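Engineer: Input: one structure, supplied below.
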Amino acid sequence: MSDEKSKVTDKASEIAKNIWLAGVGAYGKAVEDAQGRLEKAMEPPKLFRDLVKAGSALEDEAREAMEASAAARHSVEERISRVRENFHNQRPARIEDLNALHKKVDQLTRKLDRLTRALADQGIVEPARTRKAASKAKSSTAGKAKTPRKKQTTARKKASARSGTSTRKRTS
């Protein structure tokens, strides 16, 4: 019996030792896991710093790209503006523009006539022959025969076509 007792005791002692070793192993595993978690807990600040650096570099690249695109857009807008200006400068004259120019020419003509009369009144220049005076002189030298109204208009059109002026009746 003592043999059996010693076998049971050896077996119990072995089981107790295995339980003890399992406990020590569990403790060691827990310590390793805790150390791993601690190391991982220390990594986020490093990871965070790395992410901040990468973000900063990307922001700089994006800013440079935006500045380059803004410069390109400005250049394109300038070109479009120049093309528009050229187009407006080369557009055909509209009737409103021509009417405005005719008004200005009429105003300048009246001012020039007043200035010429004023200078003539002061004796600085000889009085200029006006259109009416010129046409009266022509009619008196050509005799009493007057040209029909239609022929005068045609002659006026031909003369203005040669000089580049309009024959339309101007309003003041």
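The values are calculated or read from the model by the stated rules, or taken from the named source; none is laboratory data. Remember, it's a predicted structure, so these values are computed and weren't measured experimentally. Counting neighbours? That spans all protein chains shown, and the Cβs are built from the backbone with ideal geometry, glycine included.
Engineer: Just give me the residues in segment 86-125 being in contact with a helix residue (DSSP H, G or I) (Cβ under 8 Å, 6 or more places away or on another chain) and in a helix (DSSP H, G or I), in sequence order.
Structural biologist: none
Engineer: Give the residue, chosen from Arg117, Arg94, that is surrounded by 10 or more Cβ atoms within 10 Å (Cβ to Cβ), basic (Lys, Arg) and either in contact with a Leu (Cβ under 6 Å, 6 or more places away or on another chain) or free of Cβ contacts under 8 Å to residues at least 40 places away in the same chain (or both).
Structural biologist: The conditions single out Arg117.
Engineer: Tell me yes or no: at least one residue of segment 23-36 is of a type outside the set (A, V, I, L, M), at pLDDT below 90, out of contact with any His (no Cβ under 6 Å at 6 or more places or on another chain) and surrounded by 10 or more Cβ atoms within 10 Å (Cβ to Cβ).
Structural biologist: Yes, there is a match, as at least one residue in segment 23-36 is of a type outside the set (A, V, I, L, M), at pLDDT below 90, out of contact with any His (no Cβ under 6 Å at 6 or more places or on another chain) and surrounded by 10 or more Cβ atoms within 10 Å (Cβ to Cβ).
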